[in-house]
Amino acid sequence: MSVVLHHHPQTRAANVVWLLEEVGCEYTLEYVDLKTGAQKSDTFKALNPMGKVPTLLDGDVVVAEVAAIGMYLADKYAAGRLAPALDAPERGAYLRWICYGPSVIEPGCMAKAAGWDFKPGSAGWGSYEEMLATIDVAVGEGPYLLGEQFTMADMLFGGTIGWMMQFGMLPKKSAWEAYVGRLEDRPARKKAREINAAIAAEQGL
Ligand SMILES: N[C@@H](CCC(=O)N[C@@H](CS)C(=O)NCC(=O)O)C(=O)O
């Protein structure tokens with residue numbers, strides 16, 4: 001088995017277990033003990049100099065950053081099913097919403113929560129209010145970001161807004177909760193939760 005996810009069940013890596021379950025490739029999980037600082041060891045930093053999980057290995061290929069891991073897995077193991085074809089018109093929206101999570105929602109929510117002083121016109125994540133309006137457009141009528149087709153973009157974008165609503169960094173709008181609820185109901189999502197919970201229990205977390 002060549003796919004190995006360097007993982008901790010109480011981090012962003014937990015979401016990657018869901019991505020792997022949806023993609024359906026074989027994989028193993030390698031527990032990274034954040035408490036002992038294993039993520040900052042020389043061995044781990046040789047894979048990911050940021051010293052962060054998730055970090056995924058597929059044979060000799062190393063992929064870090066949740067969004068990159070999701071795009072990689074969908075293109076390699078679920079092309080046409082979880083990722084639109086390279087020449088499909090849906091590819092534009094697909095890539096846009098995948099990038100929107102880490103490049104706008106995450107820093108935008110962090111800036112708001114931490115009370116950062118910045119110029120929205122100069123910061124890549126812009127104003128919080130415009131971000132909320134854009135999330136409204138993305139979620140739209142649903143059921144998924146691309147309409148009827150569930151894709152990797154839903155796991156990445158939906159995972160991010162679900163997490164942010166849970167931690168009070170985004171408002172709990174009913175349309176957004178209904179969208180995230182549809183994602184939570186997916187069997188692969190439920191299986192990933194069980195896997196993460198079992199590892200957390202095993203590790204005494
Ligand atoms: N931008 C990264 C963020 C990864 C990240 O922040 N991971 C955290 C856990 S959620 C981590 O490994 N923290 C341990 C540390 O920095 O020491 C991604 O999207 O994968």
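The values are calculated or read from the model by the stated rules, or taken from the named source; none is laboratory data. These figures come from a predicted structure and were not determined experimentally. A quick note on method: Cβ atoms are made from the backbone with ideal geometry, for glycine too, and the neighbour counts reach across all protein chains shown. Accessible surface is based on the protein model in full, side chains and every heavy atom, while ligands, DNA and RNA are left aside. Shrake-Rupley method; radii C 1.70, N 1.55, O 1.52, S 1.80 Å.
Between T28 and A85, what is the label-point separation in nm under the 7 Å Cα-to-beta-carbon projection?
Rounded to a tenth, the inter-label distance reads 3.7 nm.
Kindly report the accessible area of the range 155-205 per residue (heavy atoms of protein chains, probe 1.4 Å, no ligands, DNA or RNA), in Å².
On the way: 2690 Å² over 51 residues.
Accessible area per residue, the range 155-205: 53 Å².
What is the local net charge at L145, summed over the other residues whose Cβ is closer than 12 Å to its Cβ (Lys, Arg +1; Asp, Glu -1)?
Here the count lands on -2.
When Lys and Arg each count +1 and Asp and Glu each count -1, what net charge do the other residues less than 12 Å away from V63, Cβ to Cβ, add up to?
Every neighbour counted, the sum reads -3.
Under a Cβ-Cβ cut-off of 13 Å, what is the net charge of the residues other than I98 that fall near it, where Lys and Arg count +1 and Asp and Glu count -1?
Net of charged neighbours comes to -3.
In the chain, if the dipole is taken from +1 on Lys/Arg beta carbons and -1 on Asp/Glu beta carbons about the Cα centre, which of L205, T28, V62 is farthest to the positive end?
Farthest along the dipole direction, towards plus: L205.
Over the range 91-186, what percent of the accessible surface lies on carbon and sulfur atoms, probe 1.4 Å?
For the range 91-186, the apolar C and S fraction of the accessible surface comes to 55 percent.
Once both labels are modelled 7 Å past Cα along the beta-carbon direction, what's the K76-Q10 spacing in nm?
Label at K76, label at Q10, 3.0 nm between them.
What's the magnitude of the charge dipole for the range 91-186 around its Cα centre, counting Lys and Arg as +1 and Asp and Glu as -1 at the beta-carbon? Answer in Debye, nearest 20.
Values: 8 positive and 11 negative charges, 33 e Å.
The calculated dipole for the range 91-186 is roughly 160 debye.
May I ask you to derive the relative contact order of the chain, considering only C-alpha pairs under 8 Å and at least 6 residues apart, and to give it as an integer percent?
23
Would you mind calculating the relative contact order of the range 91-186 from Cα pairs under 8 angstrom and at least 6 residues apart, reporting the percent as a whole number?
Value for the range 91-186: 32 percent.
To the nearest 20 debye, what is the magnitude of the charge dipole of the chain about its Cα centre, counting +1 on the Cβ of each Lys and Arg and -1 on the Cβ of each Asp and Glu?
360
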